[in-house]
Every structure is written in structure tokens, then in C-alpha cells.
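Any read-out appearing in this document is the output of simple, stated calculations on the displayed coordinates, not a laboratory observation. All values derive from a computational prediction rather than experimental measurement. In this analysis, Cβ positions are derived from the backbone assuming ideal geometry, glycine residues included, and neighbour counts consider all displayed protein chains.
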Amino acid sequence: MDRVAAVLRGAPRRRALLSVSVAVPQLRLDGPQAKLKDYIYWGRPAEGGCAIAVGSATCVQAAGAGRLQRLDQTLSRYRRDWTHLDPEGVAQPPWALIVFAFDRDDPMDGAWQGLPNATLRVPALLLRCRNDETVLTFTCCPRGDATPEQQWRRCQGDLQCLLDEGVAWPPAPGRLKRGLELPGPQAWRGMVEHALQDIRAGRLSKVVLARSVGVSRDRHFVVAEVLRALARLTPEGTHMAVAQGASSLVAASPERLVSVRGARVECDALAGTVARGAGDAEHPGRGAQCDKTRREHALVLDAVTAALRGACTDLQWPARPKLLRLHSLEHLWTPVSARRYAGVSVLDLAAHLHPTPAVGGSPTASALDWLRVHPDCARGWYAGAVGWLDSAGDGELAVVLRCALLRGAFAILYAGAGVVAGSEPEQELAETELKLSTMLAALADG
């Protein structure tokens with residue numbers, strides 16, 4: 001990597017962010033290595049692309065009302081004076097990575113202790129791979145006596161971890177042991193009944209309840225192995241991992257919150273869930289077309305399009321939802337596209353959209369108030385979002401679904417179900433088990 005050092009020697013000594021990108025054609029990225037302790041992974045197995053962001057050139061945290069706006073303002077300051085040296089013409093702008101919790105006021109206690117409610121990080125090292133093309137970007141914030149080249153040298157340990165070949169781990173011994181569930185099945189049924197009472201009284205149209213399930217085994221979970229298992233089981237959607245301290249969040253999300261490329265905006269309206277192939281032999285997928293799932297999906301689509309209208313023009317979506325088939329279930333899915341107004345950022349759009357009725361409820365404010373009065377489990381980053389934002393203004397965020405929080409040989413899995421008129425407690429409990437099944441299989445395999 002002397003090419004990077006050579007470029008940095010002639011770089012200007014400034015206090016602003018400085019990035020250098022070079023091609024690394026001989027490197028094939030295969031997930032985060034076990035030695036890495038502080039990283040964010042973003043992958044699309046079905047498309048043959050992934051990225052790993054390691055360390056931090058600069059980082060900011062936020063919580064409470066306006067948290068995304070504050071992070072957006074910080075990113076705007078970065079962009080105003082961000083130098084990107086691209087001696088080989090790889091044409092891939094540097095990234096900032098963002099993670100934020102479902103609830104802006106979540107105290108991040110319990111299993112989430114020590115993790116930020118919302119954070120924006122510009123990584124020191126970023127490796128992006130698509131098929132056989134890999135690009136390395138190094139970013140630093142020149143300050144004090146440490147020159148850019150000296151900061152580059154300090155990253156060599158993490159860089160070597162990224163370049164090392166993956167470790168072949170033995171199969172997991174024995175089965176997963178299932179532990180504490182919050183809320184438990186009986187409490188869950190009671191919460192669904194309570195929600196249905198408020199829906200019948202007209203105080204809500206929908207509320208999304210969540211459950212957490214603890215599992216353990218005899219050997220530590222390895223993030224890279226879990227990601228590989230997820231790639232085999234469900235290559236669709238966005239796979240992500242966020243490691244900080246002793247905790248690692250792993251997810252395989254089918255839901256894009258928002259994607260921006262130039263002026264083009266794309267979002268997913270995803271809601272209405274049944275077991276894969278529910279229906280009959282002649283009409284597989286008919287189960288996802290029942291009145292309840294159609295109404296649930298319509299609430300999400302209406303909310304997504306309403307949120308975009310204040311920031312975008314030229315909204316378009318198909319007249320009928322599509323059927324998104326995943327590992328063990330299927331969803332009604334309507335892709336929505338638009339063109340953003342000048343000056344509207346990715347995080348502006350995220351603030352308008354999140355939380356959609358797919359993860360919160362409808363009306364949004366009433367559903368969130370209901371959840372604060374009737375807490376289900378400590379959601380933390382579950383049903384929040386993870387994504388990237390580049391120095392040119394593009395970016396993408398995915399909702400954190402089908403996820404587990406790993407700590408050593410222990411994991412907590414999260415799943416939710418939307419309660420609307422016509423919901424039945426036992427069916428909603430079964431839906432959460434369906435959503436848990438993919439990650440349970442991946443943990444058993446990885």
C-alpha cells in the first residue's frame with residue numbers, strides 16, 4: 001500500500017477531512033475478520049457487492065428530537081471542506097456511515113448499554129467490493145503532530161486484518177438453547193388484545209409490537225460466519241453488521257428506507273406478511289392478498305408517499321403491490337420512486353419517513369405514544385436504520401430487520417408484527433416466529 005503513503009506525503013496539511021482512494025484488484029472481500037473489533041459491514045449478496053468500514057477518522061453522536069438533523073448538519077460541514085485524492089480515477093466518493101435507533105429517545109440500556117442512539121462516522125478505512133473490483137479508501141482528519149502519512153501507518157493493523165484470508169471455523173457444536181423472551185407468549189397475546197381494543201375505539205389504525213428472544217450456544221458467534229449463512233439462506237436485500245465494543249448487530253433486511261442517486265429517490269413500502277407459499281396449490285402467495293394484509297400494506301404505502309410529497313416531485317409507484325418472496329415468508333411490496341427537490345438530503349428524507357407504519361404504526365404519533373405507554377422490549381437499533389452517505393450527496397439507508405445482537409456465545413433476536421383490525425393474537429405471534437426463523441437458522445449454521 002505504498003501508493004497511498006506516496007499520495008499522502010504530498011497532501012496539504014489542513015484540518016479538514018482528507019481521503020485517498022486506490023484500486024486493490026487482487027483483494028476479494030469476504031466479510032469482516034474475527035480480529036476486527038470496530039466496523040460496519042454493508043452487503044448485497046444477490047448483487048455481488050459489499051463494503052467494510054473500519055475505525056474512525058471522525059465521529060459524532062446524537063439523540064432526542066432533531067437527532068438526524070444534527071447529524072446532517074455535521075455531515076454538511078464535513079462536505080464543505082473534504083478533499084478526495086483519486087490518483088487512479090476509481091471515481092468512488094468516500095463514505096460516512098450512519099446508525100440510528102428506532103426511538104429517538106431510547107436510553108439504550110439493557111442489552112444496548114454503551115451503544116449510541118444515533119451516530120455518524122467517517123471511517124478511517126473503507127473497502128468496497130463489487131464482483132472482482134475492490135477499492136480502498138483511507139480518510140483522516142489532519143491535526144496536531146500526526147501527519148496524514150503517520151495516521152495511515154497507524155491503520156496498518158486494521159488493514160492487515162482486512163487483507164488476511166478468512167478463518168475456517170468448525171461447525172457449531174450442539175443446538176441453540178432458547179432463553180428469555182420479552183414479552184413472553186402470554187404477555188404478547190395480552191398486548192395484542194389491548195392494541196385491538198384501542199383500534200376498535202378509533203385511537204389507532206395500526207401499531208407494530210416487537211419481541212426479543214435470547215439464545216445461546218457452547219461457542220462464540222462469529223459475525224463473518226453468520227453473514228455467510230445469511231447469504232446462503234436469504235441473499236436478497238441488504239445484509240449488515242455493526243460491531244462496537246463487545247457487541248455486534250447482524251441483520252438481513254428486506255426493507256430499504258430510502259436510496260438517493262443524484263436527484264432520484266427510491267423507497268420501499270413493505271408490509272403484509274404471511275408464510276411463504278400461503279394459499280393453495282393453484283394460487284401460491286394468495287395468503288398475502290387477503291383483506292387484512294392489503295389494508296396493512298395500504299397504510300404503509302400511503303404514509304411513504306405522503307412523507308415524500310413534502311420533499312420530492314414526480315412520485316411514481318405501481319398500481320398493485322408486488323410479492324416479495326424471502327426465505328420463509330413473503331411480503332406485499334410496492335417500490336416508490338421520486339425526484340428530490342434541490343437541497344433535500346438523504347437524512348432529510350429519512351427524518352420524513354422514519355418510522356414508517358411498517359415498524360411503528362399509524363397514525364405515527366399515536367402509535368409511538370401507545371408504545372411508550374405499553375413498552376414491549378428494549379428495541380435499541382432494531383427497526384432503526386443503518387446506511388451510508390457519500391461526500392457527493394448520495395446515500396442509502398436500510399431498516400434494521402431480521403436481526404440479532406451478538407455478544408460472545410449469547411444472542412438476542414428481534415421480530416415484530418403489525419396489529420390492525422382483524423388481527424388475531426396467535427397469528428401475530430406465529431408471524432414473529434416466522435421472522436425469527438431465518439436468523440435462528442443462520443446462528444445455528446454460523
- Ranked from fewest to most other Cβ atoms within 10 Å of their own Cβ, His239, His84, His220, His354 fall in the order His220, His84, His354, His239
- Total charge of the residues flanking Leu368 in space, meaning their Cβ is under 10 Å from its Cβ, with Lys and Arg +1 and Asp and Glu -1, is -1
- Among the lysines, select those whose C-alpha is under 25 Å from the C-alpha of Lys177, and discard any that sit fewer than 8 residues away in the same chain. Lys435
- Calculated SAXS-style log₁₀ I(q)/I(0) at q = 0.14 Å⁻¹ - region 2-163, Debye, Cα scatterers: -0.77
- Query: For the chain, what does -39500 (n - 2.57) per DSSP helix run (n ≥ 4), summed and divided by total residues, give at 222 nm, in deg cm²/dmol to the nearest 500?
  - Reply: -8500 deg cm²/dmol
- Query: What would the Debye formula give as log10 I(q)/I(0) at q = 0.07, 0.14 Å⁻¹ for the alpha-carbon point model of the chain, no solvent?
  - Reply: -0.34, -1.37
- Note on the structure: When Cys267, Cys59, Cys140 are ranked with the fewest other C-beta atoms within 10 Å first, the list becomes Cys59, Cys140, Cys267
- Query: Arranged by the count of other C-beta atoms within 10 angstrom, fewest first, what order do Thr356, Thr139 take?
  - Reply: Thr356, Thr139
- Task: Give the long-range amide H neighbours of Val419: residues separated by 5 or more places, or on another chain, with amide H under 5 Å away, using H modelled in the peptide plane at 1.01 Å from N.
- Result: Val207, Val208, Leu209
- When the Karplus curve 6.51 cos²θ - 1.76 cosθ + 1.60 is applied with θ = phi - 60°, which whole-Hz ³J(HN,Hα) does each residue of region 231-242 get, with x for Gly and Pro? 5, 6, 6, 8, x, 5, x, 10, 9, 8, 8, 10
- Would you kindly calculate the translational diffusion coefficient of region 48-124, applying Stokes-Einstein with the Kirkwood radius from alpha carbon pairs, for 20 °C and a viscosity of 1.002 mPa s, and quote it in µm² s⁻¹ without decimals? 151
